[in-house]
Structure formats: C-alpha cells, structure tokens
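A.B. asks: Below is one structure. I have some questions about it.
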Amino acid sequence: MTAADTSLERAEALDAADELAAFRARFVPISDPGVVAYLDGNSLGRPLLATAERLQEVVVQEWGSRLIRSWGERWLTLPEEIGDELGRVALGAAPGQAIVADSTSVCLYKTIRAAVALRPGRDELVTDTANFPTDRFLVESIAAELGLTVRWIDADPWAGFGAEQVAAVVGPRTAAVVLSHVDYRSAAIADLAGITRLAHEHGALVVWDLCHSVGCLPVELDAAGADFAVGCTYKFLNAGPGAPAFLYVAARHQDAFGQPITGWIGAADTFAMAAHYEPAPGIRRALSGTPPVLGMIGVREGVALLAEAGITRVRAKAAELGRWVLDLADDWLVPLGFTIASPRDDDRRGGHVTLRHPDAERLSALLIEHGVIIDFRRPDGIRLGLSPLTTGFAEVRRAMARIRELAA
C-alpha cells in the first residue's frame, strides 16, 4: 500500500480546490491567537457574522421599536417558517412537518410519548446501549412513567449497529424505536431508511435523533417513510449555544399527535384563553411555550447559509475532510499508538473522526491547552469535529501535527 501524501503542499492544494472555502469568511473570526485549530464544531458551531448583525436589528428595531407588536407582525410564525426551510434544505421534508421548538431533550420527550400513544397495547421501547445519554435516559424515564419495558440493542460504541441487531429486539410488543442517525462517538451512520422499514414491518414507530447529522449530510425523512425526528441546531447549523431544537412529525401522524406538554402556543386559538386545551391543526400542535425569538435568529441564519452552500457540497467536503484526517492519522499517529475508531468508508462516516489512545483523557486536556480544540469522549476517544463550512485542510494538518508533537 502506497503511503498517502500528507505534505503541506497537498493541504494547500486541497484548500485551493475547496468550493466552500469562501464561506469561512462569513463567520466571526477567532480572536484568540492561541487557537491552532477549532475541531469541535460538531459540539458548538462557530458564530455567523450575519447572526450578530441580525440580532442587533432584532433588539434595536423589532424589539426596541416595534415592542410587543412584533409578536403579531412576525415572531409568532417563526417556528413554522424556519422549520419549513430547514425541512427543505436539510431534512428532505415537505412543508408543514418540521418546526423549531424547545430543546432536543424536550422534543425527544414529546415525540417518544406521542409514538407510544399511537401504538396502544404495546408495552416495549427499543434503543441501543451506545446511544447518547439523553436518549437513553429519556427512554428509561418514559418507560418508568408509563409502565413499559426497555429492550436494549447491545451496540458496540465504536462499530455502531445494523438492521440485523435491531431486528433481534423489535417485535409485536414494540411501540417505538429510538435511535441516533450518526453515532456521537464514532460517527457511524445508521441505515435510517432500512431500519425505519424494518420497524414498520413489525408495526412499530421510530424516533430518529439527527443531532450529529443535520447540516452535515443529507437526511431524506419523507423518502424514508420516517415517523418522528428531532435534532439540535447549535452544531453544524451554527445557531449558537442553547439555540432551540427542532422536531419532525410526518404528516400522516399529525392529526393523532398526542402533545404531552400542552402549552398555550400549541393551542388551536392561542389568545382565546380557553377553559380547556384544544390542539392547533398540523405541526403547530407540537409547540408548548413561547417561542425563543432571539435563539431562533441563529437558526434562521444557519439554515440560510446551508441553503446557499448546498447540502450536497457540504456532505462532499465532510467526506474529504474525513479522508484527510485518516491519511494523516495513518501516517503520523497510528505509529504512536493511536487507533482509528470511525468508519473508513465515506458512506458510513458522518462529520467527525474519533481517534482512540490509552492516554486520551490527558492528551485531550493538553491539546486544548495548546490550542487544538477537540472533544474527549470516554473512555479513550479524541473526537475531531470537521465542520465543512468553517474547517480548512491546512487547519486540520496543523492540528494533527500538534497531536503528533504532544503524543510523541
């Protein structure tokens, strides 16, 4: 096997050929001179210049000048408007099925509870042992709340799981299956369409967590026959810390969607102050409390930038960045005791690459101290987030060189 070219010249050539390189200028510059590389955009994306400008406009004009009148003039419809655009740009969802609301945890709670209610008489929930903690915790708490049993897919946290492992635990008692599309540790991509189809064959519904896929790779929810999905917006969509999440409810489920958190914004007539709750028609019934207007500004700008860049080009660059990390790791880091924990196949790998090392926890702290901003994932993973709109190939090479230097 011929060794890959890991030279600075190759990095510069990749940057020169990068169709998305110009988008890096659309983000607030990193003012800390000590930062060598920011490879944690899959935890918190960098801020857009347009978001800073737009927030100033909202505070000064819409809030400061129009005051409460802005609710009726434009704010109340933002959850559906941004949800529709997100559905078009990144989710493969027709209008009226996605909406911006709450946190990922709250959206998960709503969709899991709704899925269970749509399958009366079934008493089991399915998830995997390697799923993100929030997903597992919520499955367990909802099961305890409703007297259900949790059936666990015994998943390898580094290899992910396949349809055959799902098939082993799904059956006639399964109400809902709760899975992540992209594994938060390894970046392994689950077969969304195939697993959804398998669950439907057993009469079960599926709730997909898209936190590590939305904005990084195409998601075709309608084409896959998906039931429910949720996701955050502060990773690859760059919407900002604590920005609201979104949820997707397939049109065929909306009339029977049982909202477990019946707040006034999701009521049929928000300002009727009715004696009893009556759900709004369509996706708006998924809302509960007052929309977080300032947080949604970042979501709108992030979705707009993604629409301009194009999810196909974003996905292609994510794959290329991943291959570049693999080449550098094979050449520089594997000889130092590192192993690669993410799939080598582009079609099976999301937007990050995780390296394993016995001393990963200490190395991670040292890397951050020396300007390479990464994530440590227990027990021994160093996760390199590769955000296509903000990450450059020379930047990645600098980071890998620093890892090699500190690990030697």
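A.B. asks: 222 nm [θ] for the chain, helices only, -39500 (n - 2.57) per DSSP H run of 4+, per residue, to 500?
C.D. replies: Rounded to the nearest 500, it is -10000 deg cm²/dmol.
A.B. asks: Angle between the Cα long axis of helix 393-407 and the longest principal axis of the chain, 0 to 90 degrees, nearest 10?
C.D. replies: Roughly 70 degrees between the two axes.
A.B. asks: Antiparallel versus total DSSP beta bridges in the chain: what percent is that, nearest 5?
C.D. replies: On the way: 22 of 40 bridges.
Once the DSSP bridges in the chain are tallied, antiparallel ones form about 55 percent.
A.B. asks: Please calculate the 1.4 Å probe accessible area of Tyr234, with all protein chains present, and give it to the nearest 10 Å².
C.D. replies: 70 Å²
A.B. asks: Still on this structure, please answer the following. Quick one: pull the percent of accessible area on the chain belonging to carbon and sulfur, 1.4 Å probe, ligands and nucleic acids left out. Walk me through the numbers on the way to the answer.
C.D. replies: Values: 9000 of 16470 Å².
Ligands and nucleic acids excluded, carbon and sulfur give 55 percent.
A.B. asks: Still on this structure, I have one more. So for the stretch 89-184, averaging the separation of alpha carbon pairs under 8 Å that are six or more residues apart and normalising by length, what relative contact order in percent results?
C.D. replies: 35 percent
A.B. asks: Another question about this same structure. Asp128's amide H: which non-local residues (gap 5+, or another chain) put their own amide H closer than 5 Å, with H modeled 1.01 Å from N in plane and none for Pro or chain starts?
C.D. replies: Amide H to amide H, under 5 Å and 5 or more residues apart or across chains, Asp128 pairs with Ile153.
A.B. asks: Continuing with the same structure: Amide H neighbours of Asp375 under 5 Å, counting only residues 5+ apart in sequence or on other chains, H built in-plane at 1.01 Å?
C.D. replies: Long-range HN contacts for Asp375: Arg383, Gly385.
A.B. asks: For the stretch 69-207, report the accessible area per residue in Å² (1.4 Å probe, heavy atoms, rounded to an integer).
C.D. replies: 36 Å²
A.B. asks: Another question, then. Using Cα pairs closer than 8 Å and at least 6 residues apart in sequence, work out the relative contact order for the chain, in percent.
C.D. replies: On the way: 818 pairs, mean separation 96.3, N = 408.
Once normalised by length, the contact order is 24 percent.
A.B. asks: Along the stretch 229-235, what does the Karplus equation 6.51 cos²θ - 1.76 cosθ + 1.60 (θ = phi - 60°) give for ³J(HN,Hα), rounded to whole Hz, x for Gly and Pro?
C.D. replies: Once θ is set to phi - 60°, the couplings for the stretch 229-235 become 8, 9, x, 8, 10, 9, 8 Hz.
A.B. asks: Test of the criteria: in the stretch 320-408, which trypsin sites (Lys or Arg not before Pro) are in a DSSP loop and have at most 14 other Cβ atoms within 10 angstrom of their Cβ?
C.D. replies: Details: sites: Arg323, Arg344, Arg348, Arg349, Arg356, Arg362, Arg377, Arg383, Arg397, Arg398, Arg402, Arg404; in loops: Arg344.
Qualifying residues, ordered by number: Arg344.
A.B. asks: Compare Trp152, Trp208, Trp332 by solvent-accessible area with a 1.4 Å probe and give them largest first, with all protein chains kept in place.
C.D. replies: Largest to smallest exposure gives the sequence Trp152, Trp332, Trp208.
A.B. asks: Then there is this: Pairing the Cα long axis of helix 311-328 with the longest principal axis of the chain, what angle in degrees results, from 0 to 90 and rounded to the nearest 10?
C.D. replies: 40 degrees
A.B. asks: Just to check I understand the Karplus step: with θ = phi - 60° and J = 6.51 cos²θ - 1.76 cosθ + 1.60, what whole-Hz values come out for the stretch 244-261, glycine and proline as x?
C.D. replies: Each residue's phi maps through the Karplus curve to give x, 8, 9, 9, 10, 10, 4, 3, 5, 9, 5, 4, 9, 4, x, 6, x, 10 Hz.
A.B. asks: Rounded to the nearest 10 Å², what accessible area does Thr312 have for a 1.4 Å probe in the complete protein model?
C.D. replies: Surface accessible to solvent at Thr312 totals approximately 110 Å².
A.B. asks: How much area per residue is accessible in the stretch 350-408 when the probe is 1.4 Å and only protein heavy atoms are counted (Å²)?
C.D. replies: Roughly 35 Å² per residue, with all protein chains present.
A.B. asks: For Ala245, what residues show an amide H to amide H distance below 5 Å, using hydrogens built from the backbone and excluding near sequence neighbours?
C.D. replies: Here Ala101, Asp102, Ser103, Thr104 satisfy the definition.
A.B. asks: For the chain, which longest stretch is free of loop sites, where a loop site is one of the GluC sites (Glu not before Pro) that DSSP puts outside H, G, I, E and B and that has at most 14 other Cβ atoms within 10 Å?
C.D. replies: Within the chain, the longest run free of exposed GluC sites (Glu not before Pro) spans 20-219.
The values are calculated or read from the model by the stated rules, or taken from the named source; none is laboratory data. All figures in this text were calculated on a predicted structure; none of them were measured in a lab. Please note: Cβ atoms are built from the backbone with ideal geometry, for glycine as well, and neighbour counts cover all protein chains shown. Heads up: the accessible areas ignore ligands, DNA and RNA and are worked out on the full protein's heavy atoms, side chains in. Shrake-Rupley method; radii C 1.70, N 1.55, O 1.52, S 1.80 Å.
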